1. Among 42-48, 120-126, how do they line up from the highest to the lowest mean number of other beta-carbon atoms within 10 Å?
2. Identify, among Leu86, Ile68, Gln144, the residue whose Cα sits farthest towards the positive end of the charge dipole of region 61-153, taking +1 on the Cβ of Lys and Arg and -1 on the Cβ of Asp and Glu, with the dipole about the Cα centre.
3. Can you list the HN-Hα couplings for region 169-184, worked out from phi with the Karplus curve (6.51, -1.76, 1.60; θ = phi - 60°), rounded to whole Hz and with x for Gly and Pro?
4. Sorting check: for 84-91, 148-155, 167-174, which peptide has the highest mean count of neighbouring beta carbons within 10 Å, and how do the rest follow?
5. Highest mean first, what order results for 157-163, 137-143 on Cβ atoms within 10 Å?
6. Return the sequence-ordered ³J(HN,Hα) values of region 139-145 in whole Hz as given by the Karplus equation 6.51 cos²θ - 1.76 cosθ + 1.60 applied to θ = phi - 60°, using x for Gly and Pro.
7. Given R₀ = 25 Å, what would the calculated FRET efficiency be for Asn169 paired with Lys71, taking r from the Cβ atoms and rounding to 0.05?
8. List the aspartates and glutamates whose Cα sits under 13 Å from the Cα of Lys119, skipping any in the same chain fewer than 8 residues away.
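Computed from the coordinates by the stated procedures, all read-outs in this text should not be read as laboratory data. Computed from a prediction, not measured in an experiment: that's the story for all the values here. Note that we place each Cβ from the backbone using ideal geometry, even for glycine, and neighbour counts take in every protein chain shown.
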Amino acid sequence: SAVCLMIFLGRRKISLPNRWQLIWNHLASHHLLIFFITASLSSIFLAREGVVVGEDIGGQVKSALQWIEAKVPSPNFILSPNPNDLSNNSMSWSLRPPGAAIIAVPGLLVGLSLGLSIKMVLFFFAITGGWGWLYLLKRFGICQYILLVTSVLLGLMAGNYTSQVSSANIILFALVPWFLVWLSSLSNTINIDAFKGKNLLKVLFFLFCLGS
């Protein structure tokens, strides 16, 4: 945000040559494409790097592989050595939110390795979230120059998102902007006088999706 503010203020005070101004305007009008290109390049640059999994969710992530191998009944059931008898394993349900346990499931179901499965899903969430935040900012009327800078920053972050996972917050990063867009759409179409019937069902469904 600080970088965007500095560029915005500097852009207002510094006049660019016409040629550079045209290039800047052209890039700003294609900020979404810039985001996709930057995100892809930053992810490819780190493609050969392994995925660093935080110790807090390591057991949950491995539970997905154990589920594919039919060792546990579902992801988030963790099979680990019994602390009272290390010659045997014990199975327990993780008390942490199950988001980390299902991150690798889509890739594992199609035969990918655990690491590649995590990378593919993290990249999907990074793209979905970045696209959502840019769409939300544009909906709020943020100028194209700020959108361009934001698209580059979000694209560069995508590579980092695909190289490490310490929690399931990447899922929130991907979902929150679209829920805000959905909420904005509901608020624009629903008023107190029409708060019944179909509109009421829309609100109830929205609250259900939020877990309310």
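1. Numbers: 42-48: 14.3, 120-126: 20.6.
The packing order, highest mean first, is 120-126, 42-48.
2. Gln144
3. Taking θ as phi minus 60°, the curve returns 5, 4, 5, 5, 4, 7, 8, 4, x, 6, 5, 5, 4, 4, 5, 4 Hz for region 169-184.
4. Numbers: 84-91: 9.5, 148-155: 21.8, 167-174: 17.9.
Order by mean packing, descending: 148-155, 167-174, 84-91.
5. Highest to lowest by the protection proxy: 157-163, 137-143.
6. Per residue, the Karplus-derived 3J(HN,Hα) values read 5, 7, x, 5, 5, 5, 5 Hz.
7. Details: r = 28 Å, r/R0 = 1.10.
Efficiency computed from Cβ-Cβ geometry: 0.35.
8. Glu49
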